[in-house]
1. Only helical DSSP H runs with n ≥ 4 go in: add -39500 (n - 2.57) per run for the chain, normalise by residue count and round the 222 nm mean residue ellipticity to 500 deg cm²/dmol.
2. Could you work out which residue, out of G20, G30, G54, moves most in a Gaussian network model of the chain, that is, has the largest mean-square fluctuation with Cα springs under 10 Å?
3. Taking the dipole about the Cα centre of the chain, with the C-beta of Lys and Arg at +1 and of Asp and Glu at -1, give me whichever of T17, M4, S45 is farthest to the positive side.
4. Using alpha carbons only, how many degrees (0 to 90, rounded to 10) separate the axis of helix 53-62 from the longest principal axis of the chain?
5. What is the dipole size for the chain, taken about its Cα centre, with +1 at each Lys and Arg Cβ and -1 at each Asp and Glu Cβ, in debye to the nearest 20?
6. Quick one: Karplus J couplings for the stretch 8-23, per residue in order, coefficients 6.51, -1.76, 1.60, θ = phi - 60°, nearest Hz, x for Gly and Pro?
7. In straight Cα distance, which lysines are under 27 Å from K5, not counting same-chain residues fewer than 8 positions off?
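Rule-based calculations on the coordinates, nothing more; no lab input. All values reported here derive from a predicted model rather than from experimental measurement. Here the Cβ is made from the backbone with ideal geometry for all residues, glycine too, and neighbour counts use every protein chain on show.
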Amino acid sequence: MPKMKTHKGAAKRFRITRTGKVMRMKGYRGHNKQKKNKRTLRAQSRMHEVKNLGNQKRVKRLLPYGSP
């Protein structure tokens, strides 16, 4: 059986922890940061867990060997 390929777009956006959680970054953090609330910017700078079970399964299928 051939090797499975990692989806590179998903690998750049998601990380899978050692316990199996799928982590992602929040959006809206690219520019215009002076206008945004500091609390919002701090929250957007952390990794957040993907809560939806269906989306977790989809990401894990795209990243067969975990995140790089």
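1. -9000 deg cm²/dmol
2. G30
3. The listed residue farthest towards the positive side: S45.
4. It is inclined by approximately 60 degrees.
5. So the dipole magnitude of the chain works out to roughly 260 debye.
6. Values, residue by residue: 5, x, 6, 5, 7, 9, 10, 10, 10, 7, 5, 8, x, 6, 9, 10 Hz.
7. In chain and number order, the partners are K21, K26, K51, K57, K60.
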